[in-house]
Amino acid sequence: MSRKWTQEKLLGILAYRPFITVSDFDAADDGKRKCAIAAMREGLVKLEQRTGYFVVRLARQPENAYTRRRYGRMTAL
């Protein structure tokens, strides 16, 4: 089984699970941590900081999010 994390894998798991936990200290979670932070910067997920770990949840998307991603930003406006 591959431990490589991509945004597609992260969003695919969050499609059927309400959240994912990621350790702040575990070296095995390094790829998952980097992927979650990159997805947070794009506005796809939100992070909730806890002691020693953080929780990753899907962010609420605006109504026109699909249109903006598919056709470009200027078309959706």
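Values computed for the structure shown
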quantity: Verdict on Arg17 being surrounded by 11 or more Cβ atoms within 10 Å (Cβ to Cβ), at pLDDT below 90 and not hydrophobic (A, V, I, L, M, F, W, C); calculated: yes
quantity: Any hit, region 52-73, residues being loosely packed, with under 11 Cβ neighbours inside 10 Å and modelled with pLDDT of 85 or more; calculated: yes
quantity: Inter-residue pairs, beta-carbon under 6 Å, first over 17 Å from Leu11 (Cβ atoms) and in region 46-73, second assigned to a helix (DSSP H, G or I) and modelled with pLDDT under 90, 6+ apart; calculated: Asn64/Ala76; Thr67/Ala76
quantity: Candidate set from region 28-41 (those that are out of contact with any strand residue (DSSP E or B) (no Cβ under 6 Å at 6 or more places or on another chain) and closer than 20 Å to Pro18 by Cβ); member that is surrounded by the most Cβ atoms within 10 Å (Cβ to Cβ); calculated: Cys35
quantity: Residues satisfying the stated conditions in region 1-14, i.e. among the small types (Gly, Ala, Ser) and either exposed (fewer than 10 other Cβ atoms within 10 Å of the Cβ) or in contact with a Pro (Cβ under 9 Å, 6 or more places away or on another chain) (or both); calculated: Ser2
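The values are calculated or read from the model by the stated rules, or taken from the named source; none is laboratory data. It should be emphasised that the depicted structure is a prediction, and the values quoted were computed from it without experimental measurement. With ideal geometry, Cβ positions are generated from the backbone for all residues, glycine too; neighbour counts draw on all protein chains shown.
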